[in-house]
1. Take the conditions closer than 30 Å to Ala225 by Cβ, buried (at least 18 other Cβ atoms within 10 Å of the Cβ) and either in contact with a strand residue (DSSP E or B) (Cβ under 8 Å, 6 or more places away or on another chain) or not polar (S, T, N, Q) (or both) and apply them to Ala365. Does it pass?
2. Among the residues of the range 176-199, write down those that are over 28 Å from Asn263 (Cα atoms) and crowded, with 19+ Cβ neighbours inside 10 Å.
3. Just to be sure before I move on: is Leu331 over 32 Å from the mean Cα position of the chain (by Cα) and surrounded by 11 or more Cβ atoms within 10 Å (Cβ to Cβ) in the structure I sent?
4. For Phe282, which of the numbered conditions (1) of a type outside the set (Lys, Arg); (2) farther than 30 Å from Lys368 by Cβ; (3) touching a residue at least 40 places away in the same chain (Cβ under 8 Å) fails to hold?
5. Report the residue count in the range 178-204 for those that are assigned to a helix (DSSP H, G or I), among the charged types (D, E, K, R) and within 17 Å of the chain's Cα centre (by Cα).
6. In the list Ile116, Ile106, which residue meets the criterion of being in contact with a helix residue (DSSP H, G or I) (Cβ under 6 Å, 6 or more places away or on another chain) and modelled with pLDDT of 90 or more?
7. Quick check on my filter: what residues within the range 1-26 are basic (Lys, Arg) and either more than 26 Å from the chain's Cα centre (by Cα) or over 23 Å from Phe49 (Cβ atoms) (or both)?
8. Could you list, in sequence order, all residues of the range 22-55 that are open to solvent by 80 Å² or more (accessible area, probe 1.4 Å) and assigned to a loop (DSSP other than H, G, I, E, B)?
Amino acid sequence: MKVYLVGGAVRDQIMGLSVKDKDYVVVGSSSEEMVKLGYKPVGKDFPVFLHPKTHQEFALARTERKVSKGYKGFKVYASKEVTLEEDLQRRDLTINAIAKDKKGQIFDPFGGIKDIKNKVLRHVSSAFVEDPIRVLRIARFSARFHKFKIHPKTEALLKQIVKNKEIETVASERVWHELSVGFTEKKSYLMFEVLNRCGALKLLLPELDYPKNKNSIKRSLEYAAKYKYSTDIRAAIFFMHTYPLKVGIKCNEKIYIRLSVPNAVKKIAEKLVFNLSDLRQFKKLNPQQVLDLIYKMDLFRNPEILPDVMRIFEAYTEGQLGRKNTAQTTLKAFQKYLKHLNKLNLSAISQNKRGVDIKAAIYEARLKLLAKLIKSAL
C-alpha cells in the first residue's frame, strides 16, 4: 500500500500557490483493507475514504470506462492491481495529473510540470472527451490560470463534447457549482470566453447575446473582482446582462431553473433590474417617486439588501458605460432617507388616524418628511 498526494495540491505546490485542499490516492490496497485500517468510506460512485484522524480524502487508485451517455455514464474499476500511472491517466489536464509520495518524490508521467512551465492547459488522454463536465472545468481553469493557453487539440475536444450535446446531460446543480467557482476568480470573464468559443454558451444560455455584451461583461466582472465582491453579487452582475430591454416579471426564470441559480442571486438581480430606470435617474426623481421606489424595493422591511443591490448597479453601470457612476451617492441618499423615515412614530400615526386608511396615512407622513429631507439637501 502506497499513498500519494495528487491533483491540485501538487500542482499548486509546484506553482508556489497556497494549497487549500489535499487529495490522496492509495495504490495497492482494497476497500476491505482501508476499512480495517480505520478509514471511513464515503464515496458513492467510487471508493473514497476519510482518514480516521485528519478526515482528509483518500481514494483508491482506479480506472474508468465509458458505458453510457452522460457525465455519470462510467464504470469504475478499483483494485490493488491499478497503478498510479493508470489512475493519473484518467484525469482531465496534465497539470492535474502529477503525484508526490511521502518522501517528496514527484511522479509526472504526462508532462504536467512542463505544461506548467509553458503555461498550457492540455488534456491527458483521448478519454478527456468522455466527460462533459470537463468543458465547464476547463472554462473555470482558464479564469483561474488566466496566463495559461488551452492547447489547440484540447480546445478541439471541447468543441467535440459540445457537438455531441453531452453537456446537456450535466445536472443543473453541477453546472452552477462550476460556474460559481469560476465567478470567484479574478478573471472570471475568461470562463465565458472559453464557453463561447467551444459553443457551450449557446446551449447553456441561448438567451445571452454574448458578442454584443462581451465587453460590458468583462468590465463589470473585472470591477467586481477589483473590489472583491461576493460570488452571489458577481453572479447577479453577470445575469444582469441576460435580461431583455423590456423586462418581464418572469423573463429570466427559465435561466435560473436551467442553471440552478440560488434564490439569493435571483433576488438581488431582480431587485435591481426592475428598478434600473429609476435608479439611473435618481437625482431627477421627485419626493413621491423616491418614496415609491423605496416601497417597490421593499426597503422598509429589507434595508439590508440595499448595499448589495447598489454594488451590482455600480458594477453593471461600469460595464455598460465604462465610466464612474452615481451608485455610491445614491446609496448614501437612500440610507439617509431611511434613517429619518424609520424614526417616524407609526403607532402614533395609526392612533391619530382612526377611521381612515392607515396605510395611506403612513404613506402621507413619510412623503411629507421625505419632501423636507430632499428640499434641505438641495
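The values are calculated or read from the model by the stated rules, or taken from the named source; none is laboratory data. These numbers come from a predicted model, not from an experiment. Quick reminder, even Gly has a Cβ in these numbers, built from the backbone with ideal geometry, and neighbours come from all protein chains shown. Accessible surface areas use protein heavy atoms only, side chains included; no ligands, DNA or RNA. Shrake-Rupley method; radii C 1.70, N 1.55, O 1.52, S 1.80 Å.
1. Working: closer than 30 Å to Ala225 by Cβ: no; buried (at least 18 other Cβ atoms within 10 Å of the Cβ): yes; either in contact with a strand residue (DSSP E or B) (Cβ under 8 Å, 6 or more places away or on another chain) or not polar (S, T, N, Q) (or both): yes.
So Ala365 fails the test.
2. Filtering the range 176-199 down to residues over 28 Å from Asn263 (Cα atoms) leaves 197-198.
Listed by number, the list holds a single entry, Cys198.
3. On the way: over 32 Å from the mean Cα position of the chain (by Cα): no; surrounded by 11 or more Cβ atoms within 10 Å (Cβ to Cβ): yes.
The answer is no for Leu331.
4. Single failed check for Phe282: (2).
5. Total satisfying the criteria: 2.
6. Working: Ile106 fails: in contact with a helix residue (DSSP H, G or I) (Cβ under 6 Å, 6 or more places away or on another chain).
Ile116 is the lone residue from the list that is in contact with a helix residue (DSSP H, G or I) (Cβ under 6 Å, 6 or more places away or on another chain) and modelled with pLDDT of 90 or more.
7. Once the filter is applied, which keeps residues that are basic (Lys, Arg) and either more than 26 Å from the chain's Cα centre (by Cα) or over 23 Å from Phe49 (Cβ atoms) (or both), the range 1-26 yields only Lys2.
8. Lys22, Leu37, Lys44, Asp45, Lys53, His55 - these are the residues of the range 22-55 that are open to solvent by 80 Å² or more (accessible area, probe 1.4 Å) and assigned to a loop (DSSP other than H, G, I, E, B).
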